[in-house]
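Chemist: Submitted below is the structure of interest, expressed as structure tokens.
The values are calculated or read from the model by the stated rules, or taken from the named source; none is laboratory data. Nothing here was measured: the structure is a model prediction, and the numbers come from that model. Glycine gets a Cβ as well: all are built from the backbone with ideal geometry, and neighbour counts include every protein chain shown.
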């Protein structure tokens, strides 16, 4: 076991860089590529990592991961097979306007073993994403009692700040709360990507706040696969994940 990964307990996948939204707060920028990770390689990685490390959580996100539902389901099926307790999906809920398609994908997610879904709903997502199909998706998932479903907003400045964006976010959240879907803590927007480009007036750029997604390279607790297969300085299209993990060395070490 690589000592830098001895506490590794979480695997994340950026399933695809493609997205149905064009959010001005997005830390990943404009999403100008449609890259998506191979479902079989991703599932194989889950199996191999979980055999060697005590993985307790797997998360899929994007982009919009449900543009590639088969990949999402294959990843979570592998996680279920490896008895990984938390099988989490973050989605904006907008991947189709067709009710039958929405229901079919919801069924696939539950069958694959997804047990926690966080719906990205807020003023930023809803600038370009219609709310109606998101509610349709939420109701399709809501009928299952094996999954925890919550709305997961992005807050500007803080959760308590009463700027115009946060006020609008609370209005959208109420639509879900009114049908019995609770609001998760969400996250406070960090100044990077589109957020730095479009919302800089809301940030004190003289401060050097620590990126909440920063990971200590000498004590990695979570690893994240990019949509192109990149991981820990390697790439699963070019090298087996077991070899990537065993040979991982932090930069400068």
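Chemist: Output yes when any residue across region 35-55 is surrounded by fewer than 19 Cβ atoms within 10 Å (Cβ to Cβ), out of contact with any helix residue (DSSP H, G or I) (no Cβ under 6 Å at 6 or more places or on another chain) and closer than 19 Å to residue 151 by Cα, and no when none is.
Modeler: Within region 35-55, not a single residue is surrounded by fewer than 19 Cβ atoms within 10 Å (Cβ to Cβ), out of contact with any helix residue (DSSP H, G or I) (no Cβ under 6 Å at 6 or more places or on another chain) and closer than 19 Å to residue 151 by Cα.
Chemist: Restricting to region 120-146, name every residue that is in contact with a helix residue (DSSP H, G or I) (Cβ under 6 Å, 6 or more places away or on another chain) and modelled with pLDDT of 95 or more. Write out each step before concluding.
Modeler: Initially, region 120-146 is screened for residues in contact with a helix residue (DSSP H, G or I) (Cβ under 6 Å, 6 or more places away or on another chain), giving 121-123, 126, 136-137, 140-141, 144.
Of everything in region 120-146, those that are in contact with a helix residue (DSSP H, G or I) (Cβ under 6 Å, 6 or more places away or on another chain) and modelled with pLDDT of 95 or more turn out to be 121, 122, 123, 126, 136, 137, 140, 141.
Chemist: State whether the residues of region 180-192 include one that is closer than 30 Å to residue 4 by Cα, surrounded by fewer than 18 Cβ atoms within 10 Å (Cβ to Cβ), over 16 Å from the mean Cα position of the chain (by Cα) and at pLDDT below 95.
Modeler: yes
Chemist: From the list 151, 220, exactly one residue is closer than 30 Å to residue 35 by Cβ, in contact (Cβ under 8 Å) with a residue 40 or more places away in the chain, in contact with a helix residue (DSSP H, G or I) (Cβ under 7 Å, 6 or more places away or on another chain) and surrounded by 12 or more Cβ atoms within 10 Å (Cβ to Cβ). Which is it? Explain how you work it out, then say what you get.
Modeler: Numbers: 151 fails: in contact (Cβ under 8 Å) with a residue 40 or more places away in the chain.
It is 220.
Chemist: Same structure, new question: Scan region 162-182 residue by residue and report those that are in a loop (DSSP other than H, G, I, E, B), more than 13 Å from residue 119 (Cα to Cα) and either in contact (Cβ under 8 Å) with a residue 60 or more places away in the chain or in contact with a helix residue (DSSP H, G or I) (Cβ under 9 Å, 6 or more places away or on another chain) (or both).
Modeler: Those that are in a loop (DSSP other than H, G, I, E, B), more than 13 Å from residue 119 (Cα to Cα) and either in contact (Cβ under 8 Å) with a residue 60 or more places away in the chain or in contact with a helix residue (DSSP H, G or I) (Cβ under 9 Å, 6 or more places away or on another chain) (or both): 163, 179, 180.
Chemist: Same structure, new question: Counting just the residues of region 97-144 that are out of contact with any strand residue (DSSP E or B) (no Cβ under 8 Å at 6 or more places or on another chain) and in a loop (DSSP other than H, G, I, E, B), which one comes out surrounded by the most Cβ atoms within 10 Å (Cβ to Cβ)?
Modeler: By that ranking, first place goes to 123.
Chemist: Here's a follow-up. Do we have any residue at all in region 79-91 that's in contact with a helix residue (DSSP H, G or I) (Cβ under 6 Å, 6 or more places away or on another chain), touching a residue at least 24 places away in the same chain (Cβ under 8 Å), buried (at least 18 other Cβ atoms within 10 Å of the Cβ) and assigned to a strand (DSSP E or B)?
Modeler: Yes: region 79-91 contains one or more residues that are in contact with a helix residue (DSSP H, G or I) (Cβ under 6 Å, 6 or more places away or on another chain), touching a residue at least 24 places away in the same chain (Cβ under 8 Å), buried (at least 18 other Cβ atoms within 10 Å of the Cβ) and assigned to a strand (DSSP E or B).
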